[in-house]
Amino acid sequence: MQLVITPLIEMSLSPSMSSGTSSVDEARKALGKRLRELRVAAKLSGKQLAESLSWAGSKVSKIENGHQTPTDDDIRDWARATESEGQTASLLAALHNLELQHAEWQRVLKAGMKTHQATLSQIDEKTRFYRGFDNTVIPGLIQTPEYARARFAQVVMVHKVPNDVNEAVRVRMQRQEMLYRPDKRFHFVLTEAALRYRLVSVDIMIGQLDRLMAISSMRNVKLGIIDFKTQYVTDPRHNFWVLDDHLVRVETYSAELNLRQPQEIELYTGIFEHLAGVASYGSAARELIGRVMRDLAAEAEGPGA
């Protein structure tokens, strides 16, 4: 058991940066500014443009100020109404880049979870060093098939997306083959809470923890566990991945954020180092995992089990 006596460092983060959405907000505002310039050049007021498109009066203002993301049709209608059709392709490209940064689950998963897993596989192929922190869930790359199946079933329930759980599990397991490639490195940091949260049944969780035991001994995988008694140097606010030094991925309830601005990557890399620095590794991590397994096994064998 590791007890780290470290002064708590207060990190001063802006709301946008701490939520991981600064680049998304900036891109949305930049697109709104371009659309406003087209409206002004066409000598149209916001009210006139809204009326010409049969929109609610506030929609133009929301789009121009970055408070609402336009759709493809909104962009085309705006360009037509402002007689700037020649800008349509460029505006749509800016919108689609924004959508890559802020990928709403309803849109990402509309073709099924298998398709999204296949997309992640393409990014996997290019990535050499994965750093991942999770405070609630076992990361997909080290999940057992049973744990993954339960998690995908929850996605279907929450987001009402096509039920292709079997196919999604199969592709996720195929993705895990890269754990055995010598040209790739992985550093996972989990909280003890992630080992104990009841997101799956007890027997599935025991199997998952046994998988973590095996993972912790792999040559190119570093697995750290932060136990409940450890003092943090920064709070474990949400899960995130740092892929090499060019992408940070954050999952929220509504969307997957893909952050690429240098200052965001630097921020999350620093936070990961703080979290990794207080984690237990090797035999200490395995002892922690084993303790949770014993607790779960005792519960499964207890009265009324």
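According to a simple spin-label model (label point 7 Å from Cα along Cα-to-Cβ), what is the distance in nm between residue 220 and residue 203?
3.5
Could you provide, to the nearest whole Å², the per residue accessible area of segment 105-264 with probe 1.4 Å?
Spelled out: the 1.4 Å probe surface of segment 105-264, per residue, equals 46 Å².
Roughly how many percent of the accessible protein surface of the chain is carbon and sulfur, given a 1.4 Å probe and a whole-percent answer?
Carbon plus sulfur share of accessible area: 54 percent.
Evaluate the distance, in nm, between pseudo-label points positioned 7 Å from the Cα of residue 263 and of residue 301 along their respective Cα→Cβ axes.
Rounded to a tenth, the inter-label distance reads 5.6 nm.
Mind counting lysine pairs for me in the chain? Cα separation below 14 Å, and the two need to be 8 or more apart along the chain or on different chains.
Lysine pairs satisfying the spacing and distance rule in the chain number 7.
Count neighbours as other Cβ atoms within 10 Å of each site's Cβ, and list the chymotrypsin sites (Phe, Trp or Tyr not before Pro) in segment 203-305 that are DSSP loop with at most 16 such neighbours.
Here the sparse-neighbourhood loop sites are 228, 232, 253, 281.
Counting Lys +1, Arg +1, Asp -1, Glu -1, what net charge surrounds residue 110 among other residues with beta carbon under 11 Å of its beta carbon?
Summing Lys/Arg as +1 and Asp/Glu as -1 gives +1.
The values are calculated or read from the model by the stated rules, or taken from the named source; none is laboratory data. As the structure is a computational prediction, the values presented were derived from the model and not from experiment. We place every Cβ from the backbone using ideal geometry, glycine too, and count neighbours over all the protein chains shown. Surface areas here come from the heavy atoms of the whole protein model, side chains and all, with no ligands, DNA or RNA. Shrake-Rupley method; radii C 1.70, N 1.55, O 1.52, S 1.80 Å.
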